[in-house]
Structure formats: C-alpha cells, structure tokens
C-alpha cells in the first residue's frame, strides 16, 4: 500500500526550502527524474520561468494566496521495500512515480526525487518519492485546479490504489492494519483519551497534553497581570519546567505587524502603539535589547581575533570599486533580450513543425517521439543530448540541436543587468568582500561577473554591432545559433566611460605558480621564470620526452593540461573524470598511470600536502604551534588558525580528529557546507593546501589592486583586473605594475598579461 500526501507551496520561503530539499546533489537523494523539463539541472529555474510567462507567479485574484507548486509524497510501506525484504526497489519506486505523474499531471512540469527515510514508529527504513509539481499547465496556460480539496485528495488516492494493484502491492483493508507502522499508530479512542489528559503513551505526549490544558486554563484568566508566570508555576506543579524566552517574540508581531482590516475587535485601529499595551511594550523593548546584547557578545568574542590593518585597507578599496561600478550598454542589453524572445519563438515553431507535437517542450512527448523514430533515451539533459547527437540520424539530429538551443539560458544574465543598472547607467555593488569562507576570495552579486560565458567567435565586434543596432535579420543570416551567440556577447555589454577604454590584465597560471613556490618544485619554477608552457613542461616531465605545443609530441600536451588542472590538490582518477578526461580522448586505462606519473614528477608538491596534513593534526591534538613551508598553524579558543605568509589568517571552527569513510584519520571542523547549512565538514592535507594556495593567490591580487589603486579599477575576477582608463594609457605599464612580487613572497615568479578593448571580452 502506498501513502499519498500533498502540501501546497504558498510562500517564497517555502519554495526555497523545497528547492533545496529536492536537490539531487544531496547525500539523501537516491535517484531523480523530471517531466516536461528541458534541462534537468535547471528544473527550478525553468518552473519559475513558466510561472512568470503565464502570470502564475502572483495571486490569481486580490486577497488570495499564490500557490507556486504542489509538494506530494509517495510513501511506500517499509514491509514492501527491498530494504526490508520487499519487492519495491529504487528503480521500481521511480517507475511508479513516473506513471503516477504521467497519468495525473501530463501537462505539468514535475521533478521527482527518491529518498530513503526512517520510520520512527517501528525503527525501519522505507522509500519515499517526493514530487515538486508546477501549477502552470503547459497546454492550457491555466493554473492546475483539481477541484475541492477532499474530492481531489480522494481522486489522488484512487489513482494510487489503481497503481498499487498494477504493481502487486497490498491493498487497503477495512478494519485491518496494513503494516507494523500503522499497527502502532493510536486509534480514535486513544486520541480521545489523549485530549482528556488520560494518555500515557510517552513522556512527550504527557507533556503536550499538560501544556495544552494549562494554557487553556491560564488563557481564561483575563485579569491576571502575569499570565506567562502563572503558566510557568502551574506547569512546574505538573513536573514540567518551561524554558521562558527573556524577550517578546509574540510582542514583536503585536507591535510590528499591521492588524489588517479596521474592525471593532481591534479597537478600530490598524497598528498597535506603545500606549495600547504598556506591559507588552516593556517586554518588546527588553526583547530587542537582547539582540544588541547578542551582537555585543559576538563582538567581544571576535575582539581577540582582530583582522590585520591591511585587510581593512583592502575593504576600503573594495568599497571604492563597488561604489565606482561599471557601465552597461543598455542598447545591447535590451536588444539581446528581444532577440532571445524572438529566437525562442521561432525555434519552438520550427520544432513543432518537424515533430508535429502539441508541446515540443514536453520531455515526455519528446522522448516518445524520439522512441517512435528509433532513438531511445531515459533523459534529455544537456549531456545526454550531446551524446545522442553523435549517432542520431540527420532529421533527429536537427530536432536535438533545436532542443539544445532552446535550453540556453543566456538571456538571464541580460535580465540581471537590466535589473541591476542604476540611473547613472552603471551597475554598482557587484563584489562581496570575503565572500568565500575558506580562502577569503570575493564572491559575486547581482550579475555574477565571476560566472560569465567565454567568447570564442572571431567576429565578436560585428555580432555585437548587429545586436546593438537591432538587426535581427542580419544576425539570423550570419549566425546559425543565435542563443549561443547572445551567450558569447554577454561580456560585451560592459563598456568603459565615454572617451576611455578597458585594460584587462590577469596573472598567468597564478595558482600553479603559488603551489610550486610553496612546495619548492624547482623544475616548475624554472619553467615559469623562462616563460615556458607549464602544460608542455608537465607532459615532458611525466613522459620523459620533449613536448612542444603544435610541435614534437604535441598530442601529449593535452594530457599534461588535464593532469595539471585535476591533480594539484590530491585529485586522482575521479578528479580526472570530473574534469572531462574521458571526453578529451583519454581512456579509462590511462587515468591511474597518469595520476602516478604526475605525482612522481612532482614529489615536492606531494610532500607539501602531507606536511600540511601532519601540522594540522599535530596542532589539533597537542594544542601546539607548528609550522611548515613558511605557514604557521595554531590552536586558539576552539579554533584552528593558519597564518599565511601575507600575515592574514585562515580560521576553522571547532576542529577535531575523526575517522573518514576509509577508516583512516581525517580532520573535521564546523562551517557552511555544500547544503548551505551549518554542519561538520571533513578535510585533509591536500584540501587544506588548496585553501592555502587560493588564499595566497587572493592576497597577491589584493597587493596588485593596492599597487594600482590610483587607476580606475571597476571589476575583478579571481586573477584578473578590469581597469577603466584614458585612451593613451600604456597596457604594458599596468601589467608590469601588476606583476610586482609582494615583499612577503620572495622568489615567487609572477607574470601579468593584458590587452585593451572598447568593451569587456576575453582576449
């Protein structure tokens, strides 16, 4: 028997929580699937776009709530899951969910995520499929309406019972418990006893009953000056201690929220003022004082860990850059948005013409169409479509290419620009100082300058002019893939002030240089000092043969590149795969030998990893200061501090020595993890080295920013500076100043390269 439950999502907060809960990069998610979604990884954004396009992101009528989605749960009995000897495997559960969704919501966008959940009642595990159902009907453009709540619930149950019969699952039997869990649930008589205070099922149940009874008693005592105190005294006689708040969270709502319509029940007023309830106002003020006390206690805690003076200087410089902002060419922005809308409409129409589908954006319909034409696939995600294109016949390939183009989300960045531009034609406040917890690097805000697509089309200026002049016909004639072209033009929307130019200068292979410098890997330092190609040099060192770019053994450069990018921080075969090694022509059998060769070619780097690992563990165990490679490690006030050569410190809260999944030692600390929640995070030597190298690279960029502070820096991305300067400014002069090595990094070979442009681009 399968249980079905539904919750309406009617607030943005609830919507955000559901998005996080249905994310399949969480450890809890065993499997996932979608319906009518173009790009699985963007399911949430696609649903939001659909609601916005149909006007369903706001209430349908005045005074009503806006229901964004429905959250449904298909819960399978523990007895019927393979976890407990039953027939329902994760694959069967997902198939069941897909059939349920296809039958009841064929025109809705749906995401399905399978979780393994714990049944507290009988201490067993079970499977549950969580469904996020968008309310917008793709066929009718109307909101989903299943009728009255009770009738709709009964209809959903009927569908589930039909599926249960199809899958050979237990049916609901009148008067008979259908699982051990249900057998242990209280019946009607027990619940009545509980309401009367006679239940003794558990201590928690007893407490709930007593609290409810005492609240009802005290609630009738209108003349009591301290009803909260009276409640506390009565509960104490019941053996229950009430943890009282020192403030007035209820009073916050009393004074800070409008009462709604002016009625006699609220004295004919819209807002409560201090004179209306002096006792509550006094409590409200005391409650607010607690906020100040908490902030002051945090300040006192952090006072002993004051930031160095130069960090405050960097913060001031950051504020100057944010205040300065960067100009936007709004003609390019607005026309790009219009081009995208027009392109999407034409692509959808062409797709419908080729497939004759009612809704070519429907994943279910598209998969069925492909299947009928001899091409089977379980998903239509970005990677899956790319793989299908390699073997698909010409007619099917054309449809798949159209689907790829429709999945492009380039217009979102342009819309962010439109929303962020200020009255002076510039966008401000794009950089968050110390946005990265571990390294202290900046994070992006608003337009996210750190996450823009690169540009590769040779005639970038021409394409930009076509967009700026709104010449869609010429754009369509010259460029096959308009969404991709618009994506490559995003950077070009950033422009310098009239009569000025951009100079873009960045460090060459900054992290590789810093890592080599720390580890003392001399052959790598020699390559950097001589201006050589580190990828060729790495391949040459690994394979013991000369390697030249586009020359002798040039084919080995790619292997050197992938090794450099994937293996510098303890990565192995998995890291190579994640970096796309298999897609670049490497075979599975080549991966482990590649790891071994890279590590044998860089023994000092490997040694650096484990020296850092040893220092961290010794510091945590013995509470002693340790050091290696110019880096100091110390334990102070429940935190691990790593002091960098720059003088800045990295901090790790409540570190401890634990056990990793392989049975070995690992270091854990508290922080914001991948789930964006405060949790315990596991780390080890190479990971700490990555934090250190990225942090020092950030400090080098800050030193360059301070060196160039008299120039108009209007943007920066990791190892790159964007400078707005007069036309006659010398590029090589800026690069030379940027490449000055900080006094605390003697021996580090730095090099900065740059170029000038009339709009922002990648050279």
Some residue of segment 48-65 being in the same structural domain as residue 168 (by TED's automatic domain parsing), touching a strand residue (DSSP E or B) at 6+ places or on another chain (Cβ under 6 Å) and part of a helix (DSSP H, G or I): yes
Selection from segment 1-36 of residues that are under 27 Å from residue 158 (Cβ atoms) and part of a loop (DSSP other than H, G, I, E, B): 1, 10, 22, 36
Those residues of segment 287-329 which are surrounded by fewer than 14 Cβ atoms within 10 Å (Cβ to Cβ) and closer than 22 Å to residue 501 by Cβ, in sequence order: 320, 323
Residue among 597, 584, 579, 542 that alone is in contact with a helix residue (DSSP H, G or I) (Cβ under 9 Å, 6 or more places away or on another chain), under 18 Å from residue 686 (Cβ atoms) and at pLDDT below 85: 579
Test for residue 722: is it crowded, with 17+ Cβ neighbours inside 10 Å, touching a strand residue (DSSP E or B) at 6+ places or on another chain (Cβ under 7 Å) and either touching a residue at least 60 places away in the same chain (Cβ under 8 Å) or within 24 Å of residue 428 (Cα to Cα) (or both): yes
Residue among 348, 343, 356, 362 that alone is farther than 15 Å from residue 403 by Cβ and either at pLDDT below 90 or surrounded by fewer than 14 Cβ atoms within 10 Å (Cβ to Cβ) (or both): 356
Selection status of residue 61, touching a residue at least 40 places away in the same chain (Cβ under 8 Å) and over 17 Å from residue 101 (Cα atoms): no
In segment 521-531, residue modelled with the highest pLDDT [restricted to those that are in contact with a helix residue (DSSP H, G or I) (Cβ under 8 Å, 6 or more places away or on another chain) and either within 21 Å of residue 753 (Cβ to Cβ) or assigned to a strand (DSSP E or B) (or both)]: 525
Residues within segment 676-692 that are buried (at least 19 other Cβ atoms within 10 Å of the Cβ) and part of a loop (DSSP other than H, G, I, E, B), tallied: 1
Given (1) without any contact (Cβ under 8 Å) to a residue 24 or more places away in the chain; (2) touching a helix residue (DSSP H, G or I) at 6+ places or on another chain (Cβ under 9 Å); (3) over 18 Å from residue 5 (Cβ atoms), index of the condition residue 141 fails: (1)
Test: residue in segment 554-566 that is closer than 26 Å to residue 507 by Cα, surrounded by 15 or more Cβ atoms within 10 Å (Cβ to Cβ) and in contact (Cβ under 8 Å) with a residue 60 or more places away in the chain: no
Any hit, segment 302-313, residues being under 28 Å from the mean Cα position of the chain (by Cα) and assigned by TED's automatic domain parsing to the domain that holds residue 427: no
Search result, residues across segment 88-106 that are in contact with a helix residue (DSSP H, G or I) (Cβ under 7 Å, 6 or more places away or on another chain), touching a residue at least 60 places away in the same chain (Cβ under 8 Å) and either more than 24 Å from residue 137 (Cβ to Cβ) or not assigned by TED's automatic domain parsing to the domain that holds residue 72 (or both): 88
Wholly enclosed helices (runs of 4 or more DSSP H) of segment 559-642 bearing at least 2 residues under 29 Å from the mean Cα position of the chain (by Cα) and farther than 19 Å from residue 518 by Cα: 573-578
Subset of segment 77-107 (residues that are at pLDDT below 90, in a loop (DSSP other than H, G, I, E, B) and crowded, with 17+ Cβ neighbours inside 10 Å): 77, 86, 106, 107
Answer from 371, 343, 356 - the residue that is farther than 19 Å from residue 418 by Cα and in contact with a helix residue (DSSP H, G or I) (Cβ under 7 Å, 6 or more places away or on another chain): 343
Meets criteria (more than 18 Å from residue 41 (Cβ to Cβ) and in a loop (DSSP other than H, G, I, E, B)) for residue 370: no
Options 685, 715, 671; residue that is closer than 25 Å to residue 741 by Cα, outside the structural domain of residue 441 (by TED's automatic domain parsing) and touching a residue at least 12 places away in the same chain (Cβ under 8 Å): 715
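The values are calculated or read from the model by the stated rules, or taken from the named source; none is laboratory data. Just so it is clear, the structure is predicted and the values come from calculations on it, not from any experiment. Cβ: placed from backbone, ideal geometry, glycine included. Neighbour counts: every protein chain shown.
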